[in-house]
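Quick notes on the structure that follows.
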Amino acid sequence: MIRFILAFIIAVLAGTVLTILNVPEILVFIIAYIIVFAVLLSPVLYSLYRSKNMEKLEKFLVKRQRHPYYQFIYGMANKNDSLIEEAFIKLQKKPRKKSFQAYIQTFYALYKRNTEEAKRFVDEIQTITLKNYYEVAIALEENNLQEAKNLMQKPLKPWMIHALSAELEKKDGNLDKASEHANKALELTRGLQHYIMVKVFQREFQSNF
């Protein structure tokens, strides 16, 4: 409620100033609308992309469990099979972009350790770095470590390189190096990606990251 009031006040003040400056009425309306939209969405966007506060991220996801995507992410992060299955079914029923569906299918298949299924969908992921990330993840799941190293030469975001390197070093038995890469990956991530990785690394390394 407070955010609604704040957004309204800011929009009115901005509209007043713009009117005084003789800005066309249609532009005043558009700018005011954008301001209200930005103020109302800012907490959501911050949680999605910027926050590293695990308690707040947890509350954000729990509060939005009716939305299948957030339910899916929360289930994956916490390895809750019933939530994952329920959310996955819901996500399949709604028409979505092919690339998004491919991402969900690949993520789900890897969780199930079904690499053949993951390979069916990974090429349909349109975001190049995300596609490359999951190609390496598939190779790691199949214990094709040399292939994984070769695939890591493709374009990847810094956090992806460290996250994959952590898994690679872990499979090679270099737990200290794996932990270093895991910590570096966490430094470079924010929002829901950070939440997922903290939860995964806590399980894999039995440590409080």
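Quick note: the coordinates plus some simple rules give every number you see, no bench work behind them. Worth saying up front: this structure is predicted, and the values here are computed from it rather than measured. Heads up, the Cβs are rebuilt from the backbone with ideal geometry, glycines too, and the neighbour counts pull from every protein chain shown.
Using modelled amide H (1.01 Å from N, peptide plane; none on Pro or chain starts), what sits under 5 Å from the amide H of residue 52, excluding residues fewer than 5 places away?
Result for residue 52 returns 191.
Hey, can you rank 87-93, 190-196 by average C-beta count inside 10 Å, highest first?
On the way: 87-93: 15.4, 190-196: 20.0.
So the peptides 87-93, 190-196, ranked by packing, come out 190-196, 87-93.
Checking the cross-link filter: which aspartates and glutamates have an alpha carbon closer than 13 Å to that of residue 63, excluding same-chain neighbours under 8 positions apart?
In chain and number order, the partners are 55.
How much length would be gained if the chain were fully extended between residue 69 and residue 81, taking 0.36 nm per residue of separation minus their Cα-Cα distance, in nm to one decimal? Before the final figure, lay out the partial values.
Numbers: separation 12, 0.36 × 12 = 4.32 nm, distance 1.45 nm.
Stretched fully, the residue 69-residue 81 segment lengthens by 2.9 nm.
What translational diffusion coefficient, to the nearest whole µm²/s, does region 97-179 have by Stokes-Einstein, given a Kirkwood radius computed over alpha-carbon pairs, a temperature of 20 °C and 1.002 mPa s viscosity?
Stokes-Einstein gives a translational diffusion coefficient of 168 µm²/s.
Output wanted: per-residue J couplings in Hz (rounded whole) for region 161-168, from phi through Karplus 6.51 cos²θ - 1.76 cosθ + 1.60, θ = phi - 60°, x for Gly and Pro.
Here the 3J(HN,Hα) series is 4, 6, 5, 5, 5, 4, 5, 5 Hz.
Using 7 Å Cα-to-Cβ label points, what is the residue 124/residue 202 separation (nm, one decimal)?
About 3.4 nm, to one decimal.
Rounded, prolate or oblate: which fits region 54-205 when a ≥ b ≥ c are the square roots of the eigenvalues of the alpha-carbon gyration tensor, with rounded for a/c under 1.5 and prolate only if a/b beats b/c? Present the calculation step by step, with values, prior to reporting the outcome.
On the way: a/c = 1.81, a/b = 1.24, b/c = 1.46.
Verdict is oblate for region 54-205.
Mind giving me the nanometre distance, one decimal, between the label points for residue 100 and residue 142, set 7 Å out from Cα along Cα→Cβ?
3.0 nm
Where nothing but the Cβ of Lys and Arg (+1) and of Asp and Glu (-1) is charged, how large is the charge dipole of region 50-172 around its Cα centre, in debye to the nearest 20?
Numbers: 24 positive and 16 negative charges, 171 e Å.
The calculated dipole for region 50-172 is roughly 820 debye.
Sticking with the crude label model, points 7 Å out along Cα→Cβ, report the distance from residue 114 to residue 56 in nm, one decimal please.
3.8 nm
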